Ligand SMILES: C[S@@+](CC[C@H](N)C(=O)[O-])C[C@H]1O[C@@H](n2cnc3c(N)ncnc32)[C@H](O)[C@@H]1O
């Protein structure tokens, strides 16, 4: 209850700051509220090299006109089968390419929790939401270990081209697990490493085998997959009820 009130207050504060041009101040206040100590970033996880997070300076690439023909996001949105009333988290939302489209699909009663670690990305998203008159988006400034999501309240967490950037994959997956409703799922999109013709840097791609290894080690099992996209894997994960949680290790592998 207290957490809900705090979240609502944060959302109001965000919109007030947006109108007053004070987004950096809002972001700073959010970061100060965070009392956690963050372990050092990993460079690898389970043998995979972790990619650097994409800077907001490159945000235009996310809304490039060729994205539809290259990645077919309209097909992704069809596959997600969102319904009005759902609570969906767009984790690593960037400037909101998917956020805006999904907000329209879950309206009028549903909402999108739009999480990113770069306040500038949330600012760009809020400008786009405002110009399209979309109101059911709750921006959340996450940290590299915590997406700051409410407990057991999310129907779907969408991860588009972001999981491979997590500097703390174990902590992030634990937090996502915590936020999902018992029937909730992750929808994971990653560029296919198996396919050499996908024109993306190797550290920004993943194989299915590697994805399955990392997700099963962190309490998820494959629920479904869709192989009809031109560049990406689309894999759905649900909580594995038989998984026994182990302590998260902060030790680097190399
Ligand atoms: C390649 S962009 C993809 C943006 C968006 N999903 C899209 O497809 O248009 C990756 C985004 O994830 C964000 N990101 C990276 N690590 C994150 C984390 N631990 N929590 C939340 N966002 C993160 C980055 O700041 C960046 O905006």
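Per-structure values
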| read-out | value |
| --- | --- |
| Residue ID - farthest from residue 87 (Cα to Cα), chosen from residues in region 101-126 that are away from the ligand (no atom under 11 Å from the Cβ) and touching a residue at least 60 places away in the same chain (Cβ under 8 Å) | 123 |
| Close pairs from region 42-67: first closer than 19 Å to residue 128 by Cα and at pLDDT below 95, partner near the ligand (Cβ under 8 Å from one of its atoms) and not in a loop (DSSP other than H, G, I, E, B), Cβ under 8 Å, at least 6 apart | none |
| Test: residue 144 is surrounded by fewer than 21 Cβ atoms within 10 Å (Cβ to Cβ), within 11 Å of the ligand (Cβ to nearest atom), in contact (Cβ under 8 Å) with a residue 60 or more places away in the chain and farther than 18 Å from residue 97 by Cβ | yes |
| Region 165-200, subset within 9 Å of the ligand (Cβ to nearest atom) and more than 21 Å from residue 245 (Cα to Cα), residue surrounded by the fewest Cβ atoms within 10 Å (Cβ to Cβ) | 165 |
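The values are calculated or read from the model by the stated rules, or taken from the named source; none is laboratory data. Keep in mind the model is a prediction, meaning the values are calculated, not measured. Glycine also receives a Cβ, built like all others from the backbone with ideal geometry; neighbour counts cover every protein chain displayed.
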